[in-house]
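The values are calculated or read from the model by the stated rules, or taken from the named source; none is laboratory data. Please read all numbers here as calculations on a predicted model, not as lab measurements. In this analysis, Cβ positions are derived from the backbone assuming ideal geometry, glycine residues included, and neighbour counts consider all displayed protein chains.
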Amino acid sequence: MRKWLTKCIVIPIVILIDLITKILFEGQYFVLIPKLLSVYSHHNTGAAWGILSGKLWLLLTITIVFLVAILLFDWFFKNNNLFYNISISLIIGGALGNLIDRIFLGYVRDFIRFEFWPSFPIFNIADSCLFIGAVLLTIYILFFYKEKKKS
């Protein structure tokens, strides 16, 4: 039960925060922390670094296949660990946040920019949640997951 409760709380929160920040920062540019971080509104028709730019149907297909794969992984993994469930929820919420943009707008709204690294892609909350969720899931699998022994 805790597995689904965590997901039912975290996933909508991630999507809501992502969509609200995308609306708030649409068309905005300002420095948050000089030489470190700024808000720089950008419409991304591709993935990171603009790869697959303009290939909406391919990006939609890849995202949907990824979501199905992660949901199947989660379904068969049958794990009740809170750390695991939060990491999976961040990944699903982030993927859905960007999928919503792609479906309804044809592009993803990005706005977070590292001032000190101009070639780094501009990103958003959904991207951040995907990354953090993937790192947490990797840490969980490498250091905390213990496979149940068969009797």
- When only residues in the stretch 26-62 that are exposed (fewer than 13 other Cβ atoms within 10 Å of the Cβ) and charged (D, E, K, R) count, which is farthest from residue 7 (Cα to Cα)? 35
- Picked from the stretch 2-23 (must be closer than 10 Å to residue 97 by Cβ and β-branched (Val, Ile, Thr)), the residue surrounded by the fewest Cβ atoms within 10 Å (Cβ to Cβ) is 17
- Task: Go through the stretch 63-82 residue by residue and tally those that are surrounded by 11 or more Cβ atoms within 10 Å (Cβ to Cβ) and among the aliphatic types (A, V, I, L, M).
- Result: 5
- Note on the structure: Scanning the stretch 39-94 for residues that are part of a helix (DSSP H, G or I), touching a residue at least 24 places away in the same chain (Cβ under 8 Å) and polar (S, T, N, Q), the one farthest from residue 132 (Cα to Cα) turns out to be 63
- Counting only residues in the stretch 117-133 that are among the small types (Gly, Ala, Ser) and either outside any loop (DSSP other than H, G, I, E, B) or in contact (Cβ under 8 Å) with a residue 24 or more places away in the chain (or both), the one surrounded by the most Cβ atoms within 10 Å (Cβ to Cβ) is identified as 126
- Pick from 3, 22: which is in contact with a helix residue (DSSP H, G or I) (Cβ under 9 Å, 6 or more places away or on another chain), closer than 20 Å to residue 115 by Cα, part of a helix (DSSP H, G or I) and not β-branched (Val, Ile, Thr)? 22
- Query: When both residues are 6+ apart or on different chains and their Cβ atoms are under 8 Å apart, which pairs have a first residue that lies in the stretch 4-26 and is modelled with pLDDT under 95, and a second that is crowded, with 16+ Cβ neighbours inside 10 Å and assigned to a helix (DSSP H, G or I)?
  - Reply: 6/85; 6/86; 6/89; 7/85; 7/88; 7/89; 7/92
- Message: For the stretch 84-97, check the following and say yes or no: at least one residue is β-branched (Val, Ile, Thr), more than 30 Å from residue 146 (Cα to Cα), modelled with pLDDT of 95 or more and touching a helix residue (DSSP H, G or I) at 6+ places or on another chain (Cβ under 8 Å).
- Response: no
